Amino acid sequence: MIRTHAAGGDFARLRAEFVLPEAFGPDVLAEAEAAVLDPLASAGEREDATHLPFVTIDPPGSKDLDQAMVIERTRAGFRVHYAIADLAAFVPPDGALDRESRRRGQTMYLPDGNVPLHPPVLSEGAASLLPGEIRPAVLWTIETDETGELTATLVRRALVRSTEQFDYETVQAALDTGTPHPSVAALPEIGRARRDLAIRRGAIELQLPEQEINGDPDGGWALAQRPRNSVEGWNAEISLLTGMAAAKIMIGARVGVLRTLPDPDGTAVEWLRRSADALGIAWPAGATVSEFLATLDPGMPASMALYADTTRLLRGAGYTAFDGELPALTTHAGIGGAYAHVTAPIRRLVDRFATEICLAVTAGREVPDWVRAALGEVPELMTASDLLAAKVERACIDQVEAWVLAERVGGEFSAVVLRAEETRAEILVEDPPVMAKCAGEKFPEGERIAVRLTAVDVEKRKVSFERA
């Protein structure tokens, strides 16, 4: 890990460049404060589930806690109690909060602080599933068989109380030493079962190294590769299970909003096969893309190069809303089935609307008019928000890369060639972990090479390498 100089590490220029909102207006804040004192859905309409020992698992230091879980082993398989923050209890339809959340779309995360979807009095306070606090929630109880296959779903409003706030490393350490919290002791079993199902469904999971920006004690910024431990993957499977249950409900009712991605065409898959062959990676006879990718070692340079190539199979993601007639595309190729966003309403706009549809359908009620009226615009709002979030994340990483490397021009580094072209390549420098373009010829894709840093432009957030 390489530290930048403490001076000049400011993301204010980047925030201004992307016109990120600096604060909430007084009307939004006033409405949020009022909602804290008098939530729209009263406690009398909720099931009391405070006896369930919910726990949360999030990155260290998180305050906007969307999800809490209790996983039980049953004779038939597993029972997942998944409590999701109930934002609809605090956001009056067509009010100031609603309009502002539609404008923002989702929480933007920057190294020096986030730009929240909702005011902190809600996102880090009254709506967040903080430990020891009784909170309004939408409670999903999902039954599965031994293989992790969904068998039954119950959705209702409830009052819940989280008993512990964990991070991934803490839960992983407890599992490794055989002392897990009882609420997540079955997480490894159901997590592995759900992952096996995902492979059989044809889900495509890429394991490219993720770049992470961390602060240091001197006020600078550092780059690192963020390892993904098993608990993080299993935790994600619980969210995916819930999203798939939500999609099933909405498809059955012919009203909803799904996260969709078209299947890759045969040309793209054949191209990937040729890439694997060129990299010297054997593709077992009869194996699907999902089964093949599951056999790769993410730490091997050739695997990293192939994961980079596989991103071509996952293009065209979007949000598909429908009311009365099912759309032509209802599935997500990366997940291998129908899927919807319902598990992060504090941080993502669409979840609030999708959740209200699931609550209404399972209770035998009409979907609220304000939800139906929003279906026409929510996909467009979320698509725009996703694009902006991706640009902001990339810009933050590019900026820190430039700061970290500013005084190392002329230095040589070890890098893995991810994608090769005639006169340049996309590389992953290993220390510090930097993804960049590199000039040169005859790059050996999927192999390590030596590269030289030729230029750094801190203002434009650009770094340039050449093959050494």
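The values are calculated or read from the model by the stated rules, or taken from the named source; none is laboratory data. As the structure is a prediction and not an experimental result, all values here were calculated from the model. Here the Cβ is made from the backbone with ideal geometry for all residues, glycine too, and neighbour counts use every protein chain on show. Areas reflect the complete protein model, heavy atoms only, side chains present, ligands, DNA and RNA absent. Shrake-Rupley method; radii C 1.70, N 1.55, O 1.52, S 1.80 Å.
Considering only strands (runs of 3 or more DSSP E) fully contained in segment 209-325, which possess at least 1 residues that are in contact with a Leu (Cβ under 7 Å, 6 or more places away or on another chain) and modelled with pLDDT under 95?
On the way: elements: 210-215, 221-226, 255-260, 318-323.
Here the list reads 210-215.
Identify, from the list Glu237, Glu270, Glu189, the residue that is over 27 Å from Asp112 (Cβ atoms), open to solvent by less than 30 Å² (accessible area, probe 1.4 Å) and among the acidic types (Asp, Glu). Going through Glu237, Glu270, Glu189 in turn, the sole match is Glu237.
Is it the case that some residue within segment 171-186 is in a strand (DSSP E or B) and open to solvent by 30 Å² or more (accessible area, probe 1.4 Å)? Talk me through it step by step, then tell me what you get.
As a first pass, look at segment 171-186 and keep what is in a strand (DSSP E or B): none.
Checking segment 171-186: not a single residue is in a strand (DSSP E or B) and open to solvent by 30 Å² or more (accessible area, probe 1.4 Å).
From Arg365, Arg419, which residue is open to solvent by 40 Å² or more (accessible area, probe 1.4 Å), at pLDDT below 95 and touching a helix residue (DSSP H, G or I) at 6+ places or on another chain (Cβ under 9 Å)? First the steps, then the outcome.
Numbers: Arg365 fails: at pLDDT below 95.
Matching residue, one of Arg365, Arg419: Arg419.
Looking at this structure, is Glu380 assigned to a helix (DSSP H, G or I) and either open to solvent by 10 Å² or more (accessible area, probe 1.4 Å) or touching a residue at least 60 places away in the same chain (Cβ under 8 Å) (or both)? Considered against the rule, which asks whether it is assigned to a helix (DSSP H, G or I) and either open to solvent by 10 Å² or more (accessible area, probe 1.4 Å) or touching a residue at least 60 places away in the same chain (Cβ under 8 Å) (or both), Glu380 comes out as yes. Contact map, segment 278-296: residues that are among the aromatic types (Phe, Trp, Tyr) paired with residues that are open to solvent by 30 Å² or more (accessible area, probe 1.4 Å), Cβ distance under 7 Å, separation 6+ or inter-chain. Pairs shown: Trp283/Arg273; Phe292/Trp283; Phe292/Pro284.
Yes/no matrix, rows are residues, columns are (1) within 27 Å of Glu17 (Cβ to Cβ); (2) open to solvent by 20 Å² or more (accessible area, probe 1.4 Å):
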| residue | (1), (2) |
| --- | --- |
| Pro53 | no, yes |
| Gln106 | yes, yes |
| Leu117 | yes, no |
| Glu133 | no, yes |
| Glu143 | no, yes |
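Selection of segment 431-444 for residues being open to solvent by 60 Å² or more (accessible area, probe 1.4 Å) and either touching a Ser or Thr at 6+ places or on another chain (Cβ under 9 Å) or under 20 Å from Met300 (Cβ atoms) (or both) yields Asp431, Lys437, Glu441.
So, in segment 327-353, exactly how many residues are crowded, with 17+ Cβ neighbours inside 10 Å, among the hydrophobic types (A, V, I, L, M, F, W, C) and out of contact with any helix residue (DSSP H, G or I) (no Cβ under 6 Å at 6 or more places or on another chain)?
Applying the first criterion (crowded, with 17+ Cβ neighbours inside 10 Å) to segment 327-353 yields 330-353.
Subset that is among the hydrophobic types (A, V, I, L, M, F, W, C): 333, 335, 338, 340, 342, 344, 346, 349-350, 353.
With the extra rule that they be out of contact with any helix residue (DSSP H, G or I) (no Cβ under 6 Å at 6 or more places or on another chain), the set shrinks to 333, 335.
Summing the residues that are crowded, with 17+ Cβ neighbours inside 10 Å, among the hydrophobic types (A, V, I, L, M, F, W, C) and out of contact with any helix residue (DSSP H, G or I) (no Cβ under 6 Å at 6 or more places or on another chain) in segment 327-353 gives 2.
Candidates Ala360, Ala395, Ala390: the one that is open to solvent by 40 Å² or more (accessible area, probe 1.4 Å) and assigned to a helix (DSSP H, G or I) is Ala390. Evaluation of Ala328 against the conditions (1) among the hydrophobic types (A, V, I, L, M, F, W, C); (2) modelled with pLDDT of 95 or more; (3) closer than 30 Å to Ile427 by Cα shows that the sole unmet condition is (3). How about segment 72-94: which of its residues are more than 11 Å from Val160 (Cβ to Cβ), touching a residue at least 24 places away in the same chain (Cβ under 8 Å) and open to solvent by 10 Å² or more (accessible area, probe 1.4 Å)? Passing the criteria: Glu72, Arg73, Thr74, Ala76, Arg79, Ala88, Pro92, Pro93, Asp94.
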